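Chemist: Here you go, one structure.
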Amino acid sequence: MTPSLTDTSTLREAGTVLLPGDSGFEAATTPWNLAVVQRPAAVAVPRSADEVARVVTAATALGLRVAPQSTGHGAAALAFGSLADVVLVRLHELTGVRIDPVARTARVLGGTLWRDVVAAASPHGLAALHGSAGDVAVAGYVLGGGLSFYGRAHGLASSHVRAVELVTADGTIVRASADDHADLFWALRGGGGNFGVVVALEIDLVPVADVVAGMLLWDLTRAPEVTRAWARWTADLPDSTTTSLRFLRFPPDPELPPFLSGRSLVVIDGAILEDDGHAAELLAPLRALAPEVDTFARIPAAGLVDVHMDPPGPVPGVSDHAMLAELPDAAIDALLEVAGPGVELPLMCAELRHLGGALARPGVGALSRLDGAYALFALSPAPTPEMASIGESVTTAVVAALESWTNGSTLLNFADRAIDVATGFEADAWARLVEVRRTVDPDGVFAAAHPIGDRR
Ligand SMILES: Cc1cc2nc3c(=O)[nH]c(=O)nc-3n(C[C@H](O)[C@H](O)[C@H](O)COP(=O)(O)OP(=O)(O)OC[C@H]3O[C@@H](n4cnc5c(N)ncnc54)[C@H](O)[C@@H]3O)c2cc1C
């Protein structure tokens, strides 16, 4: 259903709301993932929690649903549902960070980016459990679990949340914590944007002022030996160390540094929470492979957000993902076959993130741990619909090649496809999530990237 012209006046009165045809509508609906075109009934760009509440109230009175979106990094997953009856609530104007250095917490507003939290925390010798990209928002990342380079030491970011403030389906602002709305608080930590528009979060920070972090880089022709060495290395590592291994293909681009432009590479990067001596001992087997570039060194914790070299701004991309139970030589051979040296495909990145450690131990919330030894992620550029379609086949093929070693679970933050969302959770957690959704949002007002219950 789309609102009639008479209907829309109440929506417009609720705040900054743009309708199709309004100047600024295209810009306001453009997500970070530029491969996705979003066509909602309306888009709201609120500047306060009260404005969010007014928009939710006006939208539901019109029979419209509401999709919270902070950046649109996860827009591909949201786009599998129809947005024709949805008010998209973009939160990029509702940002801000307040650090409490004594309690070691940060209070962040709904659309705040990780890079702003990292910058605010670091002068206090504190770090946040951010992911690989500074322009991902705290809200979407934490609501989906949050896998960071501190993950094997500290667990999922969602296990380090003190409170979540959100506008629920009836337009009220609720503060969910261990003491208030405890069921909802449990569901929010992993259950995504299914329960309301998050307008603020209180998260724990960790006392990390500096960290040994960086990358090791080789030409992709070295991938067979480097990948085998990394797999052996990760099999026996302390929880202090969290790394990823990627096959990367860069187009010739004068804006890229020469060691990246036009090159195909294998890159290991991440963080090691050890003193310099122990970190050097841990890195020795990888350094023995004579990387062409080695940037591992002690750096201010704020620098970790740049180590993974994620795109500095919005890009069009399609991806696929699976969780691997193990990474034996046969799995590495299968990966090399589809994505290794000599393979000429539009595959920007084939990535393995090392899991285990605290990520495997039960934390708190609906997603309390990750089941799997490695998370596989494949990404192709998608500047045109034709390239998107090719990229879908290429990334599907990467995941399919490793199917024998997948465990059937999904890290929803890495899932841009239309998947069975239940695979993101243990069976009892999924059943409880469905129940909490039924209680908190009985009419299915919220449209989330990964819907709990039926997708509309
Ligand atoms: C380059 C890149 C690097 C990444 N690196 C990592 C990583 O290292 N670790 C990791 O775990 N993930 C990573 N991700 C995945 C990322 O965490 C998810 O895409 C996440 O959903 C992005 O959150 P967002 O709010 O920025 O995106 P959005 O697309 O805005 O949000 C995704 C979904 O989250 C929910 N949501 C977002 N904001 C709100 C809100 N204020 N209130 C209620 N619901 C909300 C909604 O359901 C929304 O559809 C990466 C993604 C990219 C593209």
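The values are calculated or read from the model by the stated rules, or taken from the named source; none is laboratory data. Treat the numbers as computed from the prediction; the structure is a model and nothing was measured. A quick note on method: Cβ atoms are made from the backbone with ideal geometry, for glycine too, and the neighbour counts reach across all protein chains shown. Just the protein is used for accessible areas: all its heavy atoms, side chains included, with ligands, DNA and RNA removed. Shrake-Rupley method; radii C 1.70, N 1.55, O 1.52, S 1.80 Å.
Chemist: Of the conditions (1) within 11 Å of the ligand (Cβ to nearest atom); (2) open to solvent by 10 Å² or more (accessible area, probe 1.4 Å); (3) assigned to a strand (DSSP E or B), Gly192 clears all except one; give me its number.
Modeler: For Gly192, the failing item is (3).
Chemist: For segment 112-143, which residues satisfy the criterion of being near the ligand (Cβ under 6 Å from one of its atoms) and open to solvent by less than 10 Å² (accessible area, probe 1.4 Å)?
Modeler: Those that are near the ligand (Cβ under 6 Å from one of its atoms) and open to solvent by less than 10 Å² (accessible area, probe 1.4 Å): Gly131, Ala137, Ala139.
Chemist: Here's a follow-up. So which residues in segment 144-172 are open to solvent by 30 Å² or more (accessible area, probe 1.4 Å) and more than 19 Å from the chain's Cα centre (by Cα), if there are any at all?
Modeler: The answer is Arg162, Glu165, Asp170, Thr172.
Chemist: Here are some residues: Gly190, Gly171, Gly196. Which one is touching a Ser or Thr at 6+ places or on another chain (Cβ under 8 Å), more than 30 Å from Asp420 (Cβ to Cβ) and not basic (Lys, Arg)?
Modeler: After applying the criteria, what remains is Gly171.
Chemist: Of everything in segment 54-71, what is surrounded by fewer than 22 Cβ atoms within 10 Å (Cβ to Cβ) and part of a helix (DSSP H, G or I)? Give them in sequence order.
Modeler: The answer is Arg54, Thr57, Thr60, Ala61.
Chemist: Right, another one. Which numbered condition in (1) open to solvent by 50 Å² or more (accessible area, probe 1.4 Å); (2) more than 23 Å from Ala271 (Cα to Cα); (3) touching a residue at least 12 places away in the same chain (Cβ under 8 Å) is the only one that Glu344 fails?
Modeler: So Glu344 meets the others, but not (3).
Chemist: Can we say Arg175 is more than 15 Å from the ligand (Cβ to nearest atom), at pLDDT 95 or above and open to solvent by 10 Å² or more (accessible area, probe 1.4 Å)?
Modeler: Considered against the rule, which asks whether it is more than 15 Å from the ligand (Cβ to nearest atom), at pLDDT 95 or above and open to solvent by 10 Å² or more (accessible area, probe 1.4 Å), Arg175 comes out as no.
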